Amino acid sequence: MIVTANRLRSIGWVVLLALCGAVVLALSFRVNALRSQVHRAEQRIVALKQEKMYLETEFETRANQQQLKSWNDIEFGYVAPTAGQYLENERQLASLSKPADPDAPAPIRVASADDSVIASAAFPTMVSPLTGKSAQAEEAIAQTDAPAAHVDHATATAALGERLGTVGRPRAAEGATPAAKKKAAKTANGKSVDKGGSAKSSASRSASAAGKPRTGTPHKEGRISR
Amino acid sequence: MNALTASAAIASGRVQLANVRQSALLTAKKRALFILLAFVFLTATALMRVVQIGLFEGSPDRRSMADALVPERGEITDRNGVALARAFPSYSLWYNPKAFGEKGGSPLVKTPEEVARALVQIFPDADYDDLVRRLKSDKPSYLRKRVLPEEANHVFALGEPALEFPRENQRYYPQGSLAANVLGFVDLAGKGHVGMEQVLEPRLLDPAQRANPVALSIDARAQGALEDELGRGMLESNAKGAAGIILDVDTGEVIALASLPSFNPNRSDRVFNGLVFNRVSNQVYELGSTFKPITVAAAIDAGVITDLSVRYPTGPLNIGGFTIHDSHNFGPSLNVPEALVHSSNIVTAQIADKLGGPALRRTMMQLGMNERPTIELPARGFPLWPRGTDAKGDWARITTMTVSYGHGIAVTPLHLASAYAALVNGGIWRPATLYKVDPARVPPGRRVFKASTSARIRQLLRMIVVDGTGRKADASGFRVGGKTGSAEKPGAGGYRRTSLVATFAAAFPMDKPRYVVIAMLDEPQGTVATSGQRTSAWNAAPIVGRVVPRIGPLLGVVPDASRDVDITDLSPLVANGDGE
């Protein structure tokens, strides 16, 4: 019985040893597998980094200074920015939008828009494919039914140019407003006219509705009243 | 024996028992020992393995990865990290006659002539006869260095095993000929020549340092702009060569350095001496009138000129049989600002005469005009420094006078750039360098002029550009100041009237100078583009006028038309006019 117990114990040790050995073996296999994975990853990193370097070098070669210069000479024609294109500080930026002094001689034009060109640019008359009448005549008919917002493009463009091109002086604007209102009201056949864009659009609408050649008066007054 | 047998027979029962016990014990001991030994062996093996893993494995892998990414020769970049030179593994075309083995028989599948003809079709610039000769010889050799991958594919399609494509690390310059004179080149044997490739060779090949790129002071964008405009100026004036330099006045860093005609360092096999020659650091020229501000500065500094409105006569000066002339007649007398604006040799000579030879000589020496220029480049020209008449080396009176307007002394354009930096930066001369300088470690330099003198010279240089000969350099908003110089080149039997060296030495912005720009043309001709003139005002000054707007914003100088150096105290002294 004792021998059996002893033998059993020794068999137990052997089994334990074998088990440990197996675990160690499995572990070392796993470690080796991981290690070779790491190695492969490293190799891949090296290869990718080299590939990146090739591509970078190729890009730098294709976009080298002399190449860019010859493209610029032939294709783009970019030149160095001039002094006028730089703003040193916020103060310089603010000075661009500064309103004119109360007693400044005339409105200062900060961006030039040639109104005469826009005004004289005749838009081709649109002819309705159904009725064969001109679009203006069509609209004149439609106008009676739907007096919804409609803008004469030529007038509006010119008016926009005027608006962008001019900085109104507060005092001058105040002074002009009553007269402008009066005149605008007159042209608009007694319609009540308020300030700004609505004055322009309604004035021009009335002009086009009447089928008369457009005069400069309505939107000009509109500008001043702004 | 019998007795033993008898006793054994008697005691056989007990003896047998004793024997069994003994042998069992022995067996048990043997087994214990065996197991012990096995455990010791296992432990020892495990320990050894631990030691082996701990000491030898793991680390070699890591090092090999780092090694794979370290270039064989370190990279050179500009000050912003743009690669100027890098090690680049590219294919070569290698002919290996032993590809089929050692034994006899043709190494090629087709005839050498056929293969050579096919190769010429792939590489149109290849030499057919040379290829045939190489393919017929039984020595291995390079048929071509630097083969593009697609070209390699074409060659591979020929199906010749003797044509191999080893991938080799070569030196590659992505920017082509940009800054070629600064960089130099690497020959086929891997040795650096001419420029920083030669200077930095130990550093670039050092295994400990070559992983980190070397940053030069060059700015690739400014370098490109300078080369463009110099090249254009050279074509327009039909000049033999051109040189230019942009120098940071406060640190001495060379932002751009160009010498034309240049070379392509990628084709080191085609680089030859004429193109490698660096006109900025190696060639000495008499730079003419650009020296006048230096003379005037020395005179103001020494207290010789205290009143700028004092007028000097402008009649031809006769000194010991030598007559000093001006290019034009500017009236009977000129004051100092007028003399600079009109570039009068006669007045400058008189100022130098009042200042005296030793003082002018000392100033020139403080500006480093008597030694090779201070820069890292290996090729540095030694100035032609006028010989003295006595043991101390003092100059003769006429020498002092000619040096004052830049004749009788020949220096490199780099000398002039460093001197102008000292003129405008508050009076401190610093050595020029091609290494990027840490702003905290700017070399102290040495004081040559007083700060007040420098301020005065800034006004005078600005006046020359506003009112005088440098008008074509006046880039709007950049407050350029500078001085023209058109010196006749010495030839056999005196100066040659038609061979000039036209220089424009400038600095900007004059209210707080940041950069010196020098443009120089070697033997410019009068062409339609330069209005038939060959003097500096018509060819070198416009170059500076075009370079400055291109580089200014890149280098942090914002153009501002509302700002300038105040010259109101000097402008009443000058009547507008032209000079040389």
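Of the residues contained in the range B:112-131, none is found to be in contact (Cβ under 8 Å) with a residue 24 or more places away in the chain, in a loop (DSSP other than H, G, I, E, B) and more than 36 Å from the chain's Cα centre (by Cα). Can you find a residue that is in the same structural domain as residue B:186 (by TED's automatic domain parsing), among the small types (Gly, Ala, Ser), at pLDDT 90 or above and over 28 Å from residue B:197 (Cα atoms) anywhere in the range B:115-123? Checked the range B:115-123: at least one residue is in the same structural domain as residue B:186 (by TED's automatic domain parsing), among the small types (Gly, Ala, Ser), at pLDDT 90 or above and over 28 Å from residue B:197 (Cα atoms). Residues of the range B:85-102 that are within 14 Å of chain A (Cβ to nearest Cβ) and either touching a helix residue (DSSP H, G or I) at 6+ places or on another chain (Cβ under 6 Å) or of a type in the set (Phe, Trp, Tyr) (or both): B:85, B:88, B:91. For the range B:532-569, a residue qualifies if it is within 11 Å of chain A (Cβ to nearest Cβ) and outside any loop (DSSP other than H, G, I, E, B), and the qualifying residues are B:546, B:547, B:548, B:549, B:550, B:551.
Out of all the residues in the range B:449-505, which are touching a helix residue (DSSP H, G or I) at 6+ places or on another chain (Cβ under 7 Å) and farther than 19 Å from residue B:541 by Cα? Matches in the range B:449-505: B:449, B:450, B:453, B:454, B:456. Taken over the range B:250-265, the criterion of being crowded, with 24+ Cβ neighbours inside 10 Å and closer than 21 Å to residue B:191 by Cβ is satisfied by B:265 alone. Residue check: is residue A:12 assigned to a helix (DSSP H, G or I) and loosely packed, with under 11 Cβ neighbours inside 10 Å? Yes. Taking the condition farther than 29 Å from residue B:324 by Cβ, surrounded by fewer than 24 Cβ atoms within 10 Å (Cβ to Cβ), β-branched (Val, Ile, Thr) and outside the structural domain of residue B:331 (by TED's automatic domain parsing), does residue B:527 pass? Yes. On the basis of being free of Cβ contacts under 8 Å to residues at least 40 places away in the same chain, more than 14 Å from every other protein chain (Cβ to nearest Cβ) and farther than 26 Å from residue B:456 by Cβ, does residue B:525 make the cut? No; evaluated as a whole, the condition is false for this residue.
When residue B:91 is tested against (1) more than 30 Å from residue B:192 (Cα to Cα); (2) part of a strand (DSSP E or B), exactly one condition is not met: (1). If you go through the range B:174-191 and keep only what is away from chain A (no Cβ under 11 Å) and either surrounded by fewer than 21 Cβ atoms within 10 Å (Cβ to Cβ) or at pLDDT below 90 (or both), you end up with B:187, B:188, B:189, B:190, B:191.
Among the residues of the range B:224-232, not a single one is in a loop (DSSP other than H, G, I, E, B) and in contact (Cβ under 8 Å) with a residue 12 or more places away in the chain. Counted as qualifying within the range A:61-126 are the helices (runs of 4 or more DSSP H) with 1 or more residues that are at pLDDT 90 or above and either away from chain B (no Cβ under 11 Å) or more than 30 Å from residue B:180 (Cα to Cα) (or both), namely A:65-71.
Checking each residue in the range B:327-348 for being assigned to a helix (DSSP H, G or I) and either surrounded by 24 or more Cβ atoms within 10 Å (Cβ to Cβ) or touching a residue at least 60 places away in the same chain (Cβ under 8 Å) (or both) picks out B:336, B:337, B:338, B:339, B:340, B:341, B:342, B:345, B:347, B:348. What are the residues in the range B:197-236 that are more than 14 Å from chain A (Cβ to nearest Cβ), over 19 Å from the mean Cα position of the chain (by Cα) and farther than 16 Å from residue B:518 by Cβ, if any? Correct list: B:206, B:207, B:208, B:209, B:236.
Out of the residues in the range B:427-442 meeting the condition of being of a type outside the set (Lys, Arg) and loosely packed, with under 13 Cβ neighbours inside 10 Å, tell me which one is farthest from the chain's Cα centre (by Cα). Of everything passing the filter in the range B:427-442, B:440 is farthest from the chain's Cα centre (by Cα). Taking each residue of the range B:431-460 that is in the same structural domain as residue B:373 (by TED's automatic domain parsing) and looking for partners that are small (Gly, Ala, Ser) and surrounded by fewer than 18 Cβ atoms within 10 Å (Cβ to Cβ) with beta-carbon atoms closer than 7 Å, six or more apart or interchain, yields B:436/B:215.
The values are calculated or read from the model by the stated rules, or taken from the named source; none is laboratory data. Treat the numbers as computed from the prediction; the structure is a model and nothing was measured. Cβ coordinates were reconstructed from backbone atoms using ideal geometry, including for glycine residues, and neighbour counts include every protein chain displayed.
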